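Student: First, the structure itself, so that you have it in front of you.
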Amino acid sequence: MRTTSPDLRVDLCRVRLPNPLVLASGILGTSAQLLERVARCGAGAVTTKSCGPVPRTGHPNPTVIDWGHGLINAVGLPNPGVEAEVEIIAVARELLAPLGVPLIASIFADTVAGFAAVAERISAARPDLIEINISCPNVAAELGRPFALDAVSAAQVTAAVRAATELPIIVKLSPNVTDIVAIARAVEGAGADAIAAINTLGPGMVIDVESGRPILANRVGGVSGPAIRPIAVRCVYDICTAVNVPVVGIGGVSCGRDAVEMLMAGATAVGVGSAVYRGGPEVFGRIRDELAEWMSAHGYTSLSDFRGIAHER
Ligand code: SIN
């Protein structure tokens, strides 16, 4: 008997992805060639490392450690600045176009006007989508409290970027709030085309008990990986009950069943980050194939057959 492969294609804000797996920002998104490599390994879309108005070196090492149940990081948003990032995006677009894998440009700034300026400049390089990273927990000492911690601030950034670009915008939210749904509603109301949830949890701390010192040079950092997946799934589930825009579910996804869980919570696409740190870009092909196998085994032919079914009572 001949069986057809399940259809993994996804439309995210009118942009077609060959499958729902998105390289999350911050992992391997620092050069056009790395982005291409991740796409060739099976990602359905790739996100650049978040870029700001001017170059930043980020925090000193150690910036990332695997603490056994996931990662903790305080990289400090190192990036070459928006002018250099425009060049990276232009090359990446050329490399990704034949693969049919869209490019998401992730941006940050320390002011509302700064977000708008970076969005406007980056739009000239024509990424397929822009991710607004308002949720990094690692730079408050230098850049101020994350905009994602407050609905009014999150909406102000979203509205400013909305006015600065015609490209679809994805707003990346923080789990480190008491009511993520209120923030999601606020950014949807301010013009977000999609929501990414979640950024890292915390900040947390890991102490080296021999030296008695926090291991990260920044002392604290955002926690990610398998340990936070249930929190991410709950956030995605709650956001999907409250907004009409698509959600990119991110947080601890490392196998096909994890991706299924995010989709069942209502996610349109699924971000993968820490699993790439642990397993290399090849994790995308593995997770994609596991997702397709799971769908075949359960008689599903498209993602919409089971997306959001966890909401059924
Ligand atoms: C970092 O560069 O410190 C991580 C970025 C983020 O959490 O958004």
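Student: Measure out, as a whole number of angstrom, how far apart the alpha-carbon centroids of region 248-271 and region 1-44 sit.
Tutor: Comparing the Cα centres of region 248-271 and region 1-44, I get a distance of 13 Å.
Student: Would you kindly calculate the mean projected area, averaged across all directions, of the convex hull enclosing the Cα atoms of the chain, in square nanometres? Let's see the in-between values first.
Tutor: On the way: hull surface 63.6 nm².
Seen from a random direction, the Cα hull of the chain projects 15.9 nm² on average.
Student: Counting every Cα pair in region 153-309, what percent are over 28 Å apart? Write out the running numbers ahead of the final one.
Tutor: Values: 3493 of 12246 pairs.
The proportion of pairs with Cα distances above 28 Å equals 29 percent.
Student: Can you tell me, using C-alpha contacts under 8 Å and at least 6 residues apart, the relative contact order of the chain as a whole percent?
Tutor: 19 percent
Student: Ordering Thr111, Thr241 by how much accessible area each has at a 1.4 Å probe, largest first, what is the list? Numbers along the way, then the final one.
Tutor: Numbers: Thr111 65, Thr241 90 Å².
Greatest to least solvent exposure: Thr241, Thr111.
Student: As a test question: what accessible area, to the nearest 10 Å², does Glu261 have when a 1.4 Å probe is rolled over all protein chains in place?
Tutor: Glu261 exposes around 70 Å² with every protein chain in place.
Student: With every protein chain in place, what's the accessible area of Lys172 (1.4 Å probe, Å², nearest 10)?
Tutor: 10 Å²
Student: Can you pull out the GluC sites (Glu not before Pro) in region 120-169 that DSSP calls coil and that have at most 12 other Cβ atoms within 10 Å?
Tutor: For GluC sites (Glu not before Pro) across region 120-169 that sit outside H, G, I, E and B with at most 12 neighbouring Cβ atoms in 10 Å, the list reads Glu166.
Student: While we're on this one: Counting DSSP beta bridges in region 10-312, what percent are antiparallel, to the nearest 5?
Tutor: That works out to approximately 35 percent antiparallel.
Student: A further question on this structure: If R₀ is 51 angstrom, what is the calculated FRET efficiency for the pair Glu312 and Arg126, using the beta carbon separation as r and rounding to 0.05?
Tutor: Values: r = 40 Å, r/R0 = 0.78.
It comes to 0.80.
Student: For the pair Ala97/Ser31, report the inter-label distance in nm, with labels modelled 7 Å from Cα in the Cβ direction.
Tutor: For Ala97 paired with Ser31, the spin-label model returns 2.2 nm.
Student: Here is a further query. R0 = 41 Å: FRET efficiency of Ile215 with Arg286, Cβ-based, nearest 0.05?
Tutor: 0.90
Student: Please give the Cα centre distance for region 173-200 versus region 129-160, rounded to the nearest Å.
Tutor: That distance is 10 Å.
Student: Moving to a separate point now. Once label points are set 7 Å from the Cα along Cα→Cβ at both Val152 and Trp67, what is their separation, rounded to one decimal in nm?
Tutor: 3.3 nm
Student: Further question: Place a point 7 Å from the Cα of Ala141 along the Cα-to-Cβ direction; which residues of region 44-66 have their backbone N under 19 Å from it?
Tutor: 56-65
Student: Taking 7 Å along the Cα-to-C-beta vector as the label spot, tell me the Asp179-Thr111 distance in nanometres, rounded to one decimal.
Tutor: About 3.0 nm, to one decimal.
Student: Per DSSP H run of at least 4 residues, take -39500 (n - 2.57); add these up for the chain, divide by its residues and hand me the 222 nm value, nearest 500 deg cm²/dmol.
Tutor: Theoretical 222 nm ellipticity from helices: -10500 deg cm²/dmol.
The values are calculated or read from the model by the stated rules, or taken from the named source; none is laboratory data. Because the structure is predicted, anything quoted here is derived from the model rather than measured. FYI the Cβ positions are ideal-geometry reconstructions off the backbone, even for glycines, and counts take in every protein chain you see. Quick note on the areas: whole protein, heavy atoms, side chains included, nothing else; ligands and nucleic acids left out. Shrake-Rupley method; radii C 1.70, N 1.55, O 1.52, S 1.80 Å.
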